[in-house]
1. Any residue at all in segment 173-190 that is within 17 Å of G77 (Cβ to Cβ) and in contact with a helix residue (DSSP H, G or I) (Cβ under 9 Å, 6 or more places away or on another chain)?
2. Let me confirm something: among S250, S206, which residue is among the hydroxyl-bearing types (S, T, Y) and surrounded by fewer than 19 Cβ atoms within 10 Å (Cβ to Cβ)?
3. Quick check on this structure: which one of L90, L126, L157 is touching a Gly at 6+ places or on another chain (Cβ under 8 Å), open to solvent by 10 Å² or more (accessible area, probe 1.4 Å), among the hydrophobic types (A, V, I, L, M, F, W, C) and touching a residue at least 60 places away in the same chain (Cβ under 8 Å)?
4. Within segment 62-110, which helices (runs of 4 or more DSSP H) (wholly inside it) include 2 or more residues that are within 14 Å of V158 (Cβ to Cβ)?
5. Hey, any hits in segment 32-46 for a residue that's hydroxyl-bearing (S, T, Y), in a helix (DSSP H, G or I) and open to solvent by 80 Å² or more (accessible area, probe 1.4 Å)?
6. Starting from residues that are without any contact (Cβ under 8 Å) to a residue 24 or more places away in the chain and within 17 Å of Y13 (Cα to Cα), keep the ones in segment 93-117 and report whichever is least open to solvent (accessible area, probe 1.4 Å).
7. Tell me which residues, restricted to segment 206-229, are in contact with a helix residue (DSSP H, G or I) (Cβ under 6 Å, 6 or more places away or on another chain), touching a residue at least 40 places away in the same chain (Cβ under 8 Å) and part of a helix (DSSP H, G or I).
Amino acid sequence: MGAREGMLARTWYGLRAYAFIVAMWVRSTMAYRTSFVMMAAGNFVLTALDFLAIMIMFSHVDALGGFSLPEVAFLYGTSSTAFGLADLLLGSFDRVGGRVRDGTLDTMLVRPVPVLAQVAADRFALRRLGRVTQGALVLGWSLTQADIEWTLVSVLLVPVMLLSGAALFGALFVLGGAFQFWAQDAAEVQNSFTYGGTTLLQYPPSVFAKDLVRGVTFVVPLAFVNWLPALRVLGRDDPLGLPGWVDFASPLVAALCCALAGLA
């Protein structure tokens, strides 16, 4: 078997292992369905408070950084949905540091299953669907209210934006987990880029200093989650004046970040 076939076989084995572990946790969750519904509803309500704060701001202003409420809702919806998908699938990586410290990671090392798959599926929390649902509802509302000129390009950019954004956040989760092997207690550092990143992306780039916008474009490429492709969909100008093709680079940037996370 060649190197390529061997890599594909290991990847498939890891995905199957991940699916089996996730299925185990889902069965465990469904044993207490009322509790699951309450937890998912609570997750939905807590995340909805973020958008409620935005709506309160718009009760006092007509625009935020030149963006209307439906346009900000579009940024909010794309960021929250993409992050929610990554958090659902890979959100357990913030516990890696704790497992390293208390020695429970050693039990994963002796099992005949890839450690990455075990950590990703560890305590899979189906209740996080509440965040995904809430973000998707806001996104759906924004698509009906925002003044968007729908073309084939803009129609395709929305799902590509969500999938690429989820992959980017997923790569950050994995990189943060790998970093905790050295830092040991760096869960909050990881959260500043994941949870903090999605909060940042819920607001227009025009309200932030250009140095910050450059940092989340060229250093930690969070701008490719939604800012750059969303500006194209909304017909807005890029505050950094980047070439137009950059708006379509999210899948490439996501692939590079995932490759880097795989090496880490």
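The values are calculated or read from the model by the stated rules, or taken from the named source; none is laboratory data. Small disclaimer: the values here were computed from a predicted structure and weren't measured. Backbone-built Cβ (ideal geometry, glycine too); neighbour counts: all protein chains shown. We work out accessible area using only protein heavy atoms, side chains counted, and drop any ligands, DNA or RNA first. Shrake-Rupley method; radii C 1.70, N 1.55, O 1.52, S 1.80 Å.
1. Going through segment 173-190, the residues within 17 Å of G77 (Cβ to Cβ) turn out to be none.
No; the residues of segment 173-190 include none that is within 17 Å of G77 (Cβ to Cβ) and in contact with a helix residue (DSSP H, G or I) (Cβ under 9 Å, 6 or more places away or on another chain).
2. Numbers: S250 fails: surrounded by fewer than 19 Cβ atoms within 10 Å (Cβ to Cβ).
The match here is S206.
3. On the way: L126 fails: touching a Gly at 6+ places or on another chain (Cβ under 8 Å); L157 fails: touching a Gly at 6+ places or on another chain (Cβ under 8 Å).
When all the criteria are applied, what remains is L90.
4. Numbers: elements: 69-90, 96-102, 105-109.
Here the list reads 69-90.
5. Within segment 32-46, the first condition is being hydroxyl-bearing (S, T, Y), and the residues that meet it are 32, 34-35.
Keeping just the survivors that are in a helix (DSSP H, G or I) gives 34-35.
Keeping just the survivors that are open to solvent by 80 Å² or more (accessible area, probe 1.4 Å) gives 34.
Within segment 32-46, one or more residues are hydroxyl-bearing (S, T, Y), in a helix (DSSP H, G or I) and open to solvent by 80 Å² or more (accessible area, probe 1.4 Å).
6. Within segment 93-117, the subset without any contact (Cβ under 8 Å) to a residue 24 or more places away in the chain is 99, 102-112, 115.
Add one more test, that the residue is within 17 Å of Y13 (Cα to Cα), and what stays is 108-112, 115.
Numbers: M108: 8, L109: 108, V110: 122, R111: 123, P112: 106, V115: 45 Å².
Step by step, filter segment 93-117, then rank; the result is M108.
7. Residues satisfying the conditions are L222, F224, W227, P229.
Quick grid of which residues meet (1) closer than 27 Å to P251 by Cα; (2) touching a Leu at 6+ places or on another chain (Cβ under 7 Å):
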residue	(1), (2)
A48	no, no
L75	yes, yes
G84	yes, no
L90	yes, no
P112	no, no
R128	yes, yes
